[in-house]
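The values are calculated or read from the model by the stated rules, or taken from the named source; none is laboratory data. Model, not experiment: these values are computed from the prediction. All Cβ positions, even for glycine, are placed from backbone atoms using ideal geometry, and neighbour counts span all protein chains on display.
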Amino acid sequence: MKRSNAPIFWLLFGAGGMLSALLGTMLVFITGIAVPLGWPLPSSLLDYPRTLALAQHWMGKGFVLAVIALFAWHAAHRILCSVHDLGIHKGIAAKLVCYGCAMAMTLVAAASLLSLGF
């Protein structure tokens, strides 16, 4: 029986899908509608000092990294499946591009969060 790395990518895809379904809509609402309009949340909620404090706390770093990384892996798998639907074979090149971009986004997000300090 041949071993496969597919379960790893399915795990990242499923976790990203669940996270985007549970949190994605609310994040868009909070950061795109509620805070800029000042209703029902105060417009000072996402000021730079508060956002920086969130990104410098270890739990905030974990949350931001999880959201960015899992959304990226979910999107990468969705794009790979959409490319296949358009008639492009899901070969090694397509997988390297899609999953490589997700890996790059994850690494850039992690490096950026670590550069902020604690």
Unmet requirement for Met59, which otherwise passes all of (1) among the aliphatic types (A, V, I, L, M); (2) under 20 Å from Leu22 (Cβ atoms); (3) in contact with a helix residue (DSSP H, G or I) (Cβ under 6 Å, 6 or more places away or on another chain): (3)
Residue pairs meeting the criteria (Cβ under 6 Å; at least 6 apart or on separate chains; first in contact (Cβ under 8 Å) with a residue 40 or more places away in the chain and closer than 14 Å to Ala72 by Cβ, in the stretch 12-25; second in a helix (DSSP H, G or I) and among the aromatic types (Phe, Trp, Tyr)): Leu12/Trp73; Gly16/Phe71; Gly16/Trp73; Ser20/Phe71
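Condition test on His84, is it part of a helix (DSSP H, G or I) and either among the aromatic types (Phe, Trp, Tyr) or in contact with a Leu (Cβ under 8 Å, 6 or more places away or on another chain) (or both)?
So His84 does not fit the description; no.
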Inter-residue pairs, beta-carbon under 8 Å, first within 18 Å of Leu19 (Cβ to Cβ) and in the stretch 73-90, second acidic (Asp, Glu), 6+ apart: none
All positions within the stretch 87-118 that are surrounded by 10 or more Cβ atoms within 10 Å (Cβ to Cβ) and part of a loop (DSSP other than H, G, I, E, B): Ile88, Lys90, Leu116
Any hit, the stretch 73-85, residues being of a type in the set (D, E, K, R), closer than 27 Å to Ala111 by Cβ and out of contact with any Gly (no Cβ under 9 Å at 6 or more places or on another chain): no
Some residue of the stretch 39-47 being over 13 Å from the mean Cα position of the chain (by Cα) and either within 30 Å of Phe13 (Cα to Cα) or of a type in the set (Asp, Glu) (or both): yes
Single residue of the stretch 75-101 satisfying the filter (under 16 Å from Asn5 (Cα atoms) and touching a helix residue (DSSP H, G or I) at 6+ places or on another chain (Cβ under 7 Å)) that is modelled with the lowest pLDDT: Lys90
